[in-house]
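The values are calculated or read from the model by the stated rules, or taken from the named source; none is laboratory data. Note that the structure is predicted; figures quoted are calculated from it, not measured. With ideal geometry, Cβ positions are generated from the backbone for all residues, glycine too; neighbour counts draw on all protein chains shown. Areas reflect the complete protein model, heavy atoms only, side chains present, ligands, DNA and RNA absent. Shrake-Rupley method; radii C 1.70, N 1.55, O 1.52, S 1.80 Å.
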There are 4 protein chains.
Amino acid sequence: MHFASDNWAGAHPKIAEGLHKHAGGFASAYGTGALDKVIEQTFNEIFEREVAVFFVATGTAANSLAQASVAKPGGVTFAHREAHTIADEGGAPEYLTGGARLHPVDGSLGCIEIDNLRKAIAGYNNVRAGQPMAVSITQLTESGTLYELSDIAAVSAVCRENGLPLHMDGARFANALVSLGCSPADMTWRQGVDILSFGGTKNGCWCAEALVFMDPARAASFPFIRQRAAQLFSKSRFIAAQFEAYFAGDLWLDLARHSNAMAKRLAGHIVASSKVRLGWEPRGNEVFAIMDKPTAARLRESGALFYDQNPPHSERHLIGENETLVRLVTSFATSPEEIDRFGDLIA
Amino acid sequence: MHFASDNWAGAHPKIAEGLHKHAGGFASAYGTGALDKVIEQTFNEIFEREVAVFFVATGTAANSLAQASVAKPGGVTFAHREAHTIADEGGAPEYLTGGARLHPVDGSLGCIEIDNLRKAIAGYNNVRAGQPMAVSITQLTESGTLYELSDIAAVSAVCRENGLPLHMDGARFANALVSLGCSPADMTWRQGVDILSFGGTKNGCWCAEALVFMDPARAASFPFIRQRAAQLFSKSRFIAAQFEAYFAGDLWLDLARHSNAMAKRLAGHIVASSKVRLGWEPRGNEVFAIMDKPTAARLRESGALFYDQNPPHSERHLIGENETLVRLVTSFATSPEEIDRFGDLIA
Amino acid sequence: MHFASDNWAGAHPKIAEGLHKHAGGFASAYGTGALDKVIEQTFNEIFEREVAVFFVATGTAANSLAQASVAKPGGVTFAHREAHTIADEGGAPEYLTGGARLHPVDGSLGCIEIDNLRKAIAGYNNVRAGQPMAVSITQLTESGTLYELSDIAAVSAVCRENGLPLHMDGARFANALVSLGCSPADMTWRQGVDILSFGGTKNGCWCAEALVFMDPARAASFPFIRQRAAQLFSKSRFIAAQFEAYFAGDLWLDLARHSNAMAKRLAGHIVASSKVRLGWEPRGNEVFAIMDKPTAARLRESGALFYDQNPPHSERHLIGENETLVRLVTSFATSPEEIDRFGDLIA
Amino acid sequence: MHFASDNWAGAHPKIAEGLHKHAGGFASAYGTGALDKVIEQTFNEIFEREVAVFFVATGTAANSLAQASVAKPGGVTFAHREAHTIADEGGAPEYLTGGARLHPVDGSLGCIEIDNLRKAIAGYNNVRAGQPMAVSITQLTESGTLYELSDIAAVSAVCRENGLPLHMDGARFANALVSLGCSPADMTWRQGVDILSFGGTKNGCWCAEALVFMDPARAASFPFIRQRAAQLFSKSRFIAAQFEAYFAGDLWLDLARHSNAMAKRLAGHIVASSKVRLGWEPRGNEVFAIMDKPTAARLRESGALFYDQNPPHSERHLIGENETLVRLVTSFATSPEEIDRFGDLIA
């Protein structure tokens, strides 16, 4: 019962095979090979426009270098208080932007609240405070919830008012996409997203992260930014090969649908349980549940792996004194049997 | 006839298989899994002491973060003028150290000349110039030559005199090792090397680079440095799995012996040729040859892939007016047939 | 009626004369002259121990370089939410530390609340969050209040528990000192302060800011840090000359006593007023007053200069709907007549 | 006999008085006061166009922030090998640009040689090497020589070819100006200079350095750059007051003429001497002389203060085995008597 994180799984068999298939032969290095070019074209098709795509090593690199690409002196990025780029990247964005500040914006369940965003931005734009440089949202959010398309559009409207680029951290992009049932274009540039961290790792790849600039003109100096950050792979096709398998026959969407379905199944067990209750409705592959601490301990003893979670700022009131909030993450590798075994334990 | 670079090859079949084998199952993320721990132990055995090992995404990351780990305000790294960290990393060391300077030191054929190093260091250590922070050598050098063990010891003696750590860029560590016929411990800490960029990518891996601190105490804050640089892989075992196969049965040494042997065979053809001559004796898997430009063009038309090379500063006099210096790199994937076909072309 | 800020005044006549007196003659540059040495000795006497003193150009430089001197990878400084180093330095600390984060800590009226500090620190010390590197307090606070000596000791106890240096932003050090009636040693190292931004500019100098390391061993590489930050004056004695006059005959304490007395007199008028009320009791030379907006407008029309102030987070409830909080700052140059004229206007 | 440096002198009496005169009264802070505005207008008049002027604390700050204002990822500044920004700023440009590289260009006697500059630039513009971002020249050069107007135009032509801004380090701008007998506009933007470090400190001010953008549009984000670098003075008028006196009645040109004349007088003594000879013809206020070491020792014993100088790369052949090159700097405060006393000693 592996619910610790979707990055505890390895690689999906088709991706492992895809990679294996490309092991032989020679290809020019540093992202200039034929397969790299093919994958770039695939991204164009997926996003229904010409985009600029750059592979990087980690999601943290994608998020941080997205910000580096729009950095300004005294620059400030606005993101949700619980955003990965604020809470989990060890200062990488501050470091790789040469000292930008990340301003936390509050909002319910992982989503930036528009009025808070407006107020936060209004506090800057003078030399003593610094100047706004970007807004970053996470889709799927860190609370396993979603921005509806209209929510993204509302954030991007504030960006336009303030002349700011909108970045989306898509570490769980596919999970959000199949949950909304829309197209990649709909979830990004059609709502005003300018730069996307496109994550494949959590959805079945070994290591496949890309930064996607919806307008290639924005990416003019990004090759220098990536190299300077030591994020340019020599045998770049080992990323391209993973993406090839990932996209082939819409594997990526199938994997996301599977992990979302597993989360829904898990949520069903929780709703039916008398010992555990849902924190809030899951929209992707992360389920947040509230239980008393002895129950959590007993589940772990029975072999379930999961982490306690600091309750989001906005939801602290939900958790009782002797209770804990836990995060249960499903993945492409989660089986219905695992879920049902967990269901039996909480029945 | 693929002689452009050793990073044009893909992954060796055994490494591809090793990776494939570990695709299934769950493992804790961010370098904390069982296989990561096994590989750390393997490094201890290979280096005959307890070392601290950190996987990173690229050789440039290893070199730059090695410097970041010993950075000082106004700090200066001394390296050979043609060193990769000076000439080919797009400013990554300057950036990832927060502004260190790389001071080029001259010396014949890729090796730092001791007197030049002493003089260069002596020019610093005051606030107007900055303070020395590290010396970096490359083994195999960028000219395909070697530091003998006594040469390394001589550089490290200067380091000790000045209280400086010695870094070795080992992008082609294995090629140097089998060429010298010594042990990893002999080529590193026994001669005073403190930090090693250990490269597996150029010798048959997809992407397997590690930073090795000979004294783990030096690495106390490196986990923060790596995370801050966005170089911590979540599914870290995909690197560990490559290293597992790389070290199993001394595959890594066999691959390096093969590529060195191919280089020697190639050098033999060149020595026998009337149209092409050796720039200098190759010591690993890189052969530098001098030929007139029409010959170079003809070889390329015949299907040989190789790059022109700016002559090392110290060897400019070797190249005639209408001539060019070319670099021919062999790898684990180079076949004797390729070499001999090239030999026929220059016969 | 100049209450906008204490940095709107010029230089006190004795300081202007002191500077004038040293215009002639030659002195070795870059802080190595005889007068620089004299002033360093004066600092030792004032602090009753051997300290290391470095002149810098601005208070922002002092605060930022204090942090740079204790920077760590992924480092985090904890300071009050309204601290100058967080709210008013345009990202200088983030920039000059190479990307540190400033974590705002809440507390009433400009003073860090101990429990909040402990909780904030506890959230770090792992690679995903970063590592604590310093705590910074402001004395006089941005709200014109004070840390009692025991309050400083309580903050420094948390610092010791966590192995963190304690920095004090003393832009209004003298105002706090005479208000508490203690010695510089009492207000700093005897309570555990390690590094002090010692400000003279707001208390009658043109430009005289110094960073004081209570333990000179901590400052070993600071000369490089200062030079690298372009903060080393060539004709350094123009700072030393100001400090000479500043300290002579305890001028600095007299000036601070005067501006504090002026603030007290102003507060008296406010307490007596029916149109304006005190926000809270002033402890130094900053008075915070609440009035309705028409009154504020009328006062400005009558020639009073002052700024509206965002209410401190902890005190928002004090300000009514149509009211404003204003900051009234007195200085060495404030006259009782000005104060009384203002008093008449609000009577 | 003070020939160590022009920054060993204090402030010229008129500048000291000018500063003194402005000590009283109140003025709005941070460069927004009336006197700041007057001086900005004076700069416009001096340069015969609308320029953007920013005061900073040191010449190193001016040079470094000029580069920061045009920084690019992986950026490289080209300057003469002996340029202050390369040799004497302790890594400030690297640090304050977030990791730019300074590429040394050779050329005779402090002046960049055009062919060398072209070759150096040509080596960049790819991700492995980095991208050119600026060219910087020093006028007066570090060798006390000059770029003729046509020389500046030749450098700027290379800049235009490569789309690079041209920066001039004018730490001794006035000395060069009166030596050439041209206008500030002629020596800067009319020859293609884009950004100027305008130094007053070495020519009679206490501390008066400014960065001048010939095109104000280039300076749009400089207020944020300066604040972020902690270089914004609160009582900014103490700089403005110095500049007011500096420019009044062309004092600055008179002071420069005086120090240049003193240098010429000194050179005359040297030419007449049998014990000392000129290194090369001085063009401003720095004289480089060659003498044997016992002579240098004897002069110092007799009370002459001066530094030995590493011979410029291009002029090493001039200095004999037992000889030394010394730098003799005159200033506004140098008297003919001092010069003649030195003349007597070497006669």
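Looking across segment C:324-338, the residues that are in a loop (DSSP other than H, G, I, E, B) and either touching a Ser or Thr at 6+ places or on another chain (Cβ under 8 Å) or open to solvent by 70 Å² or more (accessible area, probe 1.4 Å) (or both) come down to C:Thr330, C:Ser331, C:Phe332, C:Thr334. Is there a residue in segment C:236-258 that is of a type in the set (S, T, N, Q) and outside the structural domain of C:Asn44 (by TED's automatic domain parsing)? For segment C:236-258, residues of a type in the set (S, T, N, Q) and outside the structural domain of C:Asn44 (by TED's automatic domain parsing): absent.
The residue pairs whose first member lies in segment D:167-196 and is among the basic types (Lys, Arg), whose second member is assigned to a helix (DSSP H, G or I), and whose beta carbons are closer than 7 Å, counting only pairs six or more residues apart or on different chains, are D:Arg172/D:Lys202.
Yes or no, residue by residue, for (1) over 27 Å from D:Gly10 (Cα atoms); (2) at pLDDT below 95; (3) not acidic (Asp, Glu):
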residue	(1), (2), (3)
D:Gly181	no, no, yes
D:Thr188	yes, no, yes
D:Gly200	no, no, yes
D:Asn203	no, no, yes
D:Glu209	no, no, no
D:Phe213	yes, no, yes
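Can we say D:Arg341 is touching a residue at least 60 places away in the same chain (Cβ under 8 Å) and part of a loop (DSSP other than H, G, I, E, B)? For D:Arg341, the condition - touching a residue at least 60 places away in the same chain (Cβ under 8 Å) and part of a loop (DSSP other than H, G, I, E, B) - is not met.
Within the set A:Thr85, A:Thr58, A:Thr32, A:Thr42, the sole residue that is under 23 Å from A:Val158 (Cα atoms) and assigned by TED's automatic domain parsing to the domain that holds A:Pro165 turns out to be A:Thr85.
Kindly indicate the residue of segment D:1-52 that is among the charged types (D, E, K, R) and open to solvent by less than 30 Å² (accessible area, probe 1.4 Å) and also modelled with the lowest pLDDT among those meeting that condition.
Going through segment D:1-52, the residues among the charged types (D, E, K, R) turn out to be D:6, D:14, D:17, D:21, D:36-37, D:40, D:45, D:48-50.
Checking which are open to solvent by less than 30 Å² (accessible area, probe 1.4 Å) leaves us with D:6, D:36.
On the way: D:Asp6: 92, D:Asp36: 96.
This residue is D:Asp6.
Residues of segment C:87-117 being crowded, with 23+ Cβ neighbours inside 10 Å, of a type in the set (A, V, I, L, M), closer than 15 Å to A:His103 by Cα and within 14 Å of chain D (Cβ to nearest Cβ), which ones? The answer is C:Ala100, C:Leu102.
Quick one: which residue in C:Val53, C:Val76, C:Val135, C:Val105 is in contact with a Cys (Cβ under 6 Å, 6 or more places away or on another chain) and assigned by TED's automatic domain parsing to the domain that holds C:Trp189? Sole residue among the options that is in contact with a Cys (Cβ under 6 Å, 6 or more places away or on another chain) and assigned by TED's automatic domain parsing to the domain that holds C:Trp189: C:Val135. Are any of the residues in segment A:263-277 at pLDDT below 95 and either surrounded by fewer than 21 Cβ atoms within 10 Å (Cβ to Cβ) or not small (Gly, Ala, Ser) (or both)? Checked segment A:263-277: at least one residue is at pLDDT below 95 and either surrounded by fewer than 21 Cβ atoms within 10 Å (Cβ to Cβ) or not small (Gly, Ala, Ser) (or both). Of all residues in segment C:314-323, those being surrounded by 14 or more Cβ atoms within 10 Å (Cβ to Cβ) and within 20 Å of C:Arg81 (Cβ to Cβ) number 4. When B:Phe342, B:Phe288, B:Phe332 are checked against the criterion of being closer than 16 Å to B:Thr141 by Cβ and not charged (D, E, K, R), B:Phe288 stands alone in meeting it. Among the residues making up segment A:213-242, those that are open to solvent by 10 Å² or more (accessible area, probe 1.4 Å), of a type in the set (Lys, Arg) and at the interface with chain B (Cβ under 9 Å from one of its Cβ atoms) are A:Arg226, A:Arg228, A:Arg237. Whenever a residue of segment A:293-320 is farther than 21 Å from A:Asp340 by Cβ, its partners that are open to solvent by less than 60 Å² (accessible area, probe 1.4 Å) and among the β-branched types (Val, Ile, Thr), lying with C-beta atoms within less than 7 angstrom and at least six residues away or across chains, give the pairs A:Lys293/A:Thr324; A:Tyr307/A:Val326; A:Asp308/A:Thr324; A:Asp308/A:Val326; A:Gln309/A:Val326; A:Pro311/A:Ile319; A:Leu318/A:Ile290; A:Ile319/A:Ile290.
Can you tell me how many residues within segment A:5-35 are touching a strand residue (DSSP E or B) at 6+ places or on another chain (Cβ under 8 Å) and either in a helix (DSSP H, G or I) or more than 7 Å from chain B (Cβ to nearest Cβ) (or both)? Of the residues in that region, 2 qualify.
I want to confirm something. Restricting to segment A:53-76 and keeping residues that are more than 19 Å from the chain's Cα centre (by Cα) and open to solvent by less than 20 Å² (accessible area, probe 1.4 Å), which single residue is nearest to the other protein chains (Cβ to nearest Cβ)? Please lay out each step first, then the result.
Within segment A:53-76, the first condition is being more than 19 Å from the chain's Cα centre (by Cα), and the residues that meet it are A:70-76.
With open to solvent by less than 20 Å² (accessible area, probe 1.4 Å) added as a condition, the list becomes A:74-76.
Values: A:Gly74: 4, A:Gly75: 7, A:Val76: 8 Å.
My answer is A:Gly74.
Those residues that are touching a Lys or Arg at 6+ places or on another chain (Cβ under 8 Å) and touching a residue at least 40 places away in the same chain (Cβ under 8 Å), I need them from segment B:321-338; list them, please.
Hits for segment B:321-338 are B:Ser331, B:Pro336.
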